[in-house]
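Engineer: Take this structure first; my questions come after.
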Amino acid sequence: MCARVHGTAGFQRAFCAAGNVGATCVGDVTRTCTDDGSTLHPRWYQAAIDWAKANGHSRVVLDPGTITISEATKLAWSWPWGNGFGLHVPTGIHLEGTSLSPPTIINVDHDTTKLNGLIIVAGTGTEEGLLNDASVSNLTLVGTTNVGYSQGQECPARAHSLNSILELDGHEPPSPDATVFNTGTMPRRWTVGVQVNHAEAMNGPAVNVHHLRIVHLGAGIAYGWNTAHVKENPTCETTPGIKISIQPASATWNGPTNPVTYTCPSGWDLKALSRRPGTAECRPTSCNADGSIPSGQCPALPPLGEGETVPNTMYCMRVDPTTEFGTRRYCTNQPFEFRGNANARSQVHHNSICDVNVGINIVGGNVDVSKNVVLRAPHNVPLTSNFGLSTDGHMPYTSSTTHTENFVSGFSLGFLTDGSQYTVAPPCAFRQLTGFDVGDFGDYNHVLELQQHLLDDAQKYYALTEPMRGFIDHVYVRDNRFYKNPIGLTFYRVNWGFVGFNTIDSQLTGVKGQVGVLVDNTLNSWVYGNTIRDFSTSLEFRGSPGHQSTLGSCYNGNHVVCDAPGCPNWASYPNVFSGSDVVGGTACNVAYSANYCADPTSLPSPSFPVGVTRQCYSY
């Protein structure tokens, strides 16, 4: 197996594993391996990439065969990627496999190797944050070496030759079987196939990812990334404006054949938490400038051992406003977005992705996501952190992403936008918020759920101080197929979003989906020409003015589309609804929540009788 380097003058050099020098390259029998790369890098495939970069060559082609990443062979990487990567593709390099059979496979043992990703595309050194002119294509990336799964056999390459989404109508790809590879902590739950690093440069050629098969990983493809740990303003200190009280729920024994029932006092909510034994409530009176807990205050328990778990216990929880720690203040994150080039848009296309928790996530802008097939075994009940396509970030850099002609099936959410995460939540603030340390919970999802209360309170703060903080601008979602997802599509904190001509069909076994399209705290956005089937609510408009945004959901359109501010050109394309729940004799095709918009001039502005918080319309 060779890694062949090509430049503008054609073939340059072939690298291979030690002991194979002189062997014929499988992908090009006119070439033989000339170097094991040992003087350049311990890994022959990375030596080929590094040599190409150093000598001004742009193309590295991997032969058919398998490269297995292990603890011994992975590449160490700087924060936040402490578990490292399999291969590094720098600026100016285009890495590709082969379209021959057998394919080029890069896999990793899911039991023994901690890994952030199989491939990272990143500028380093003087090129840090200046990423452009790179690509990854024609590879199979697999999150396990288990027999029967290690070659990506479970994921047919349906996207690779897709010319039109219409080809899949009536010929939908079957759902893959569920596996254990992307669950738990040690397997591939947090491992991505291709991580495209942040890029502050908004010029130069595109960064493209295409014709990949990605299987049994936590995520398929990611551009940019989020963090809750780096502040835009280093002098800012988070001071929570709320506190969460947690106490054991009251248990009632109902006999040997009946389950125990749990109750909470009035004003408290029942909550299952994986709180570790031996934890005790303690809230620091102050925090260090870096967000850590001052020495001597609230000591933490030792971390859990590898594979150690903590069962859930029922608690009662209450959230109250507070000034106990000082005047409320929240600190915005330093964004690590892929900003892209509007004149050379990056492309993510023709990728076949199966058995992942997250399919394709874009944190940034000027990226087109098209003709990808993203599949997962369906669940009637939504799972945490489980979505097919998504885009997030904040204005002005998360702007102008398109998602067209993709097939997405089996996720909790087919498509997600999320503009709410740009708030630093340091360890000390979390302890002030909850009275407990992050490490006091066995399931990190419970940490995220508790932390979300702080993030939501921060949105109220930003609604007063920075009205567009966390919004995503100009998101286009058109001509896609979203099947077997309990929630089809959500727009949360979007400005100028377009949802048009998609087929959104729940297709769940024995139950309806929850909502087809949810428009939540979103402005100037349009939902038109979609076919939405078998959801309890087909289309819903929600908003919380003054809490999660300044205005809520205003100036949006159902079945109409407006192409520019001021709406010089209007068009009407009705949505087609079927299978919605009937509420009070009315099919709940379109629902509005009370107080969803703070501007009464924003149509349709339905009136709500006293005590009514949600109304359905058949349209």
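Engineer: Given N residues in the stretch 347-592, what is Rg(Cα) / (2.2 N^0.38 Å)?
Structural biologist: 1.01
Engineer: What's the carbon and sulfur percent of the stretch 479-520's accessible surface, probe 1.4 angstrom, rounded to a whole number?
Structural biologist: After summing per-atom areas, the C and S share lands at 50 percent.
Engineer: Hey, another quick one. Shape of the stretch 133-270 from its Cα gyration tensor (a ≥ b ≥ c, root eigenvalues): rounded if a/c is under 1.5, otherwise prolate when a/b > b/c, or oblate?
Structural biologist: oblate
Engineer: Right, here's the next one. Rounded if a/c is under 1.5, else prolate if a/b is larger than b/c, else oblate: which is the stretch 545-619, with a ≥ b ≥ c the root eigenvalues of its Cα gyration tensor?
Structural biologist: Because a/c hits 1.5 or more and a/b fails to exceed b/c, the stretch 545-619 counts as oblate.
Engineer: Now for a separate question. So who's got an amide H within less than 5 Å of the one on N132, skipping anything under 5 residues away but keeping other chains? H placed 1.01 Å off N, in plane.
Structural biologist: Those lying under 5 Å, H to H, from N132 are G92.
Engineer: Oh, and also: Go through G326, V373, H211 and say which Cα lies farthest out towards the positive end of the charge dipole of the chain; charges sit on Cβ, +1 for Lys and Arg, -1 for Asp and Glu.
Structural biologist: Farthest towards the positive end: G326.
Engineer: Given an 8 Å cut-off on Cα distances and at least 6 residues of separation, report the relative contact order of the stretch 497-559 as a percent.
Structural biologist: 38 percent.
Engineer: For n ≥ 4 DSSP H runs only, could you compute -39500 (n - 2.57) per run for the chain, divide by its residues and tell me the 222 nm figure to the nearest 500?
Structural biologist: Rounded to the nearest 500, the figure is -2000 deg cm²/dmol.
Engineer: With an 8 Å Cα cut-off and a minimum separation of 6 or more residues, compute the relative contact order for the stretch 329-460 in percent.
Structural biologist: 24
Engineer: Counting only heavy atoms of the protein chains, get the accessible area per residue of the chain (1.4 Å probe) and round it to a whole Å² value.
Structural biologist: 40
Engineer: Sticking with this one: What does the charge add up to near G500, with Lys and Arg as +1, Asp and Glu as -1, over the other residues with Cβ less than 9 Å from its Cβ?
Structural biologist: After counting each charged neighbour, the total is 0.
Engineer: Something else about it: Whole percent per 5 Å bin, from 0 to the bin with the longest distance: what is P(r) over all C-alpha pairs of the stretch 488-553?
Structural biologist: Histogram of Cα-Cα distances, whole percents per bin: 5, 18, 26, 21, 16, 10, 5, 1.
Engineer: Count the lysine pairs in the chain whose Cα atoms sit under 23 Å apart, keeping only pairs 8 or more residues apart in sequence or on different chains.
Structural biologist: Final tally of qualifying lysine pairs is 8.
Engineer: Going by average Cβ density within 10 Å per residue, which order do the peptides 393-404, 516-527, 325-336 take, highest to lowest?
Structural biologist: 516-527, 393-404, 325-336
Engineer: What's the carbon and sulfur percent of the stretch 36-143's accessible surface, probe 1.4 angstrom, rounded to a whole number?
Structural biologist: Answer for the stretch 36-143 is 50 percent, counting heavy atoms of protein chains only.
Engineer: Continuing with the same structure: One-quarter of the Cα convex hull surface for the stretch 324-431, in nm²?
Structural biologist: Approximately 9.0 nm², given one-decimal rounding.
Engineer: Right, next: How many percent of the accessible area of the stretch 242-351 is carbon or sulfur, using a 1.4 Å probe?
Structural biologist: 52
Engineer: Give me the angle, in degrees from 0 to 90, between the Cα long axis of helix 444-465 and the longest principal axis of the Cα atoms of the chain, rounded to the nearest 10.
Structural biologist: 70
Engineer: A further question on this structure: Pull up all non-local amide H partners of T191: gap of 5 or more, or a different chain, and H-to-H distance under 5 Å with H placed in the peptide plane.
Structural biologist: G218, A219
Engineer: With only Lys, Arg, Asp and Glu charged, each at its Cβ (+1 for the first two, -1 for the last two), find how big the charge dipole of the chain is about the Cα centre; round to the nearest 20 debye.
Structural biologist: For this selection, approximately 200 debye.
Engineer: Out of (1) 2.24; (2) 1.35; (3) 1.00, which label holds the value of Cα Rg over 2.2 N^0.38 Å that was computed here?
Structural biologist: Correct label, based on the coordinates given: (3).
Engineer: Give the shape of the stretch 61-151 as rounded, prolate or oblate, defined through the alpha-carbon gyration tensor: a ≥ b ≥ c are the square roots of its eigenvalues, a/c under 1.5 means rounded, and otherwise the shape is prolate if a/b is larger than b/c and oblate if not.
Structural biologist: Oblate, since a/c reaches 1.5 and b/c is not below a/b.
Engineer: Pairs of Cα atoms under 8 Å, at least six residues apart: use those to get the relative contact order of the chain, whole percent.
Structural biologist: 9
The values are calculated or read from the model by the stated rules, or taken from the named source; none is laboratory data. All values reported here derive from a predicted model rather than from experimental measurement. Positions of Cβ are backbone-derived with ideal geometry, glycine not excepted, and every protein chain shown enters the neighbour counts. In case anyone asks, the SASA skips ligands and DNA or RNA and just uses the protein heavy atoms, side chains included. Shrake-Rupley method; radii C 1.70, N 1.55, O 1.52, S 1.80 Å.
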